[in-house]
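The values are calculated or read from the model by the stated rules, or taken from the named source; none is laboratory data. Model, not experiment: these values are computed from the prediction. We place every Cβ from the backbone using ideal geometry, glycine too, and count neighbours over all the protein chains shown. Note: accessible area is taken over every heavy atom of the protein model, side chains too, but ligands, DNA and RNA are not part of it. Shrake-Rupley method; radii C 1.70, N 1.55, O 1.52, S 1.80 Å.
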Amino acid sequence: GRHGKLQRIENLVDSGTPDVAYCVMGEAGWIELKHVARWPARASTPVRLTDYTLEQATWLYDWQRAGGNAFLLVRVGREPFLFLGAEARELYFTPAPKGQFQLLACKRGWDDVIGHFTGDE
């Protein structure tokens, strides 16, 4: 769109490569996409990303540690949560219950997530 470019990536060579490469407003990076149908019934039950792999978590963490932009975007129901690479790795090793999950996210809600990338925060 008017702010930049998003490109879906399919990489059969490196299983950890995120789903989307982006360049928006001069900033480039990567986003791994995950979806959870609904919050767990109990507030104490961890939110589990069943198809989130160690390779994906490590890729995001390593990219961010090297100075790049790397995010995990998780949609729970219709609500999005954006996590930086380090927090994305933490979610792999220690799934968090709803309250902690929400606190780990650097952005919550579509306006905040989109604003993060377009500068409309």
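Have a look at Tyr22, Tyr61, Tyr52 and point out the one that is in contact with a Leu (Cβ under 7 Å, 6 or more places away or on another chain) and at negative phi. Result of the check over Tyr22, Tyr61, Tyr52: Tyr22. Looking only at residues that are part of a loop (DSSP other than H, G, I, E, B) and basic (Lys, Arg) in the range 39-76, which one is farthest from Cys23 (Cα to Cα)? So the residue we want is Arg42.
Residues in the range 31-41 that are of a type outside the set (Val, Ile, Thr) and in contact (Cβ under 8 Å) with a residue 40 or more places away in the chain were compared, and the one that is least open to solvent (accessible area, probe 1.4 Å) is Glu32.
Against the numbered list (1) more than 22 Å from Gly119 (Cβ to Cβ); (2) surrounded by 14 or more Cβ atoms within 10 Å (Cβ to Cβ); (3) at pLDDT below 95, Tyr61 comes up short only at (3). Considering only the range 4-20, state which residues are part of a loop (DSSP other than H, G, I, E, B) and open to solvent by less than 50 Å² (accessible area, probe 1.4 Å). Those that are part of a loop (DSSP other than H, G, I, E, B) and open to solvent by less than 50 Å² (accessible area, probe 1.4 Å): Ile9, Gly16, Thr17, Pro18, Asp19.
Within the range 21-30, the presence of at least one residue that is open to solvent by less than 90 Å² (accessible area, probe 1.4 Å), modelled with pLDDT of 95 or more, touching a helix residue (DSSP H, G or I) at 6+ places or on another chain (Cβ under 8 Å) and hydrophobic (A, V, I, L, M, F, W, C) is confirmed. Among residues of the range 66-121 being touching a residue at least 24 places away in the same chain (Cβ under 8 Å) and at positive phi, the one that is surrounded by the most Cβ atoms within 10 Å (Cβ to Cβ) is Gly109.
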